[in-house]
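Everything on this sheet refers to the single structure shown next.
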Amino acid sequence: MSVLTERFVEQALALPLGDRGALMRVASLCSDPEATPSEIALEAARDEAFSALLLKIANSTWSASRRPIADLTHAVIRIG
């Protein structure tokens, strides 16, 4: 696991208790080669704190996005 992935997982696990099932489903979808960014975003949207974290990462200097990302599907695509 890369350092970035490890930090992302640590931040996700430190989030206030929300829909932990959604996080587990997102993790499962991320390992499914057939899953689409839209499916991942739909599951991520079930947890507000996790959604906010995805948007924060997608808009961070790490992603080098020139335009702000406000949509979870685009955030998933940007993060990979």
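I need the full set of residues from region 48-77 which are assigned to a loop (DSSP other than H, G, I, E, B) and either closer than 18 Å to residue 38 by Cβ or of a type in the set (Val, Ile, Thr) (or both), in order please.
To start, the set of residues in region 48-77 that are assigned to a loop (DSSP other than H, G, I, E, B) comprises 59-71.
Scanning region 48-77 gives 61, 69, 70, 71.
Taking first residues from region 29-48 that are without any contact (Cβ under 8 Å) to a residue 60 or more places away in the chain and partners that are open to solvent by less than 70 Å² (accessible area, probe 1.4 Å) and in a loop (DSSP other than H, G, I, E, B), the Cβ contacts under 7 Å between residues at least 6 apart in sequence or on separate chains come to 29/35; 46/19; 47/18; 47/19; 48/18.
The values are calculated or read from the model by the stated rules, or taken from the named source; none is laboratory data. Computed from a predicted structure; not experimentally measured. As a convention, Cβ positions derive from the backbone with ideal geometry for all residues, glycine included, and neighbour counts pool all protein chains shown. Ligands, DNA and RNA are excluded from the accessible area calculation, which covers all protein heavy atoms including side chains. Shrake-Rupley method; radii C 1.70, N 1.55, O 1.52, S 1.80 Å.
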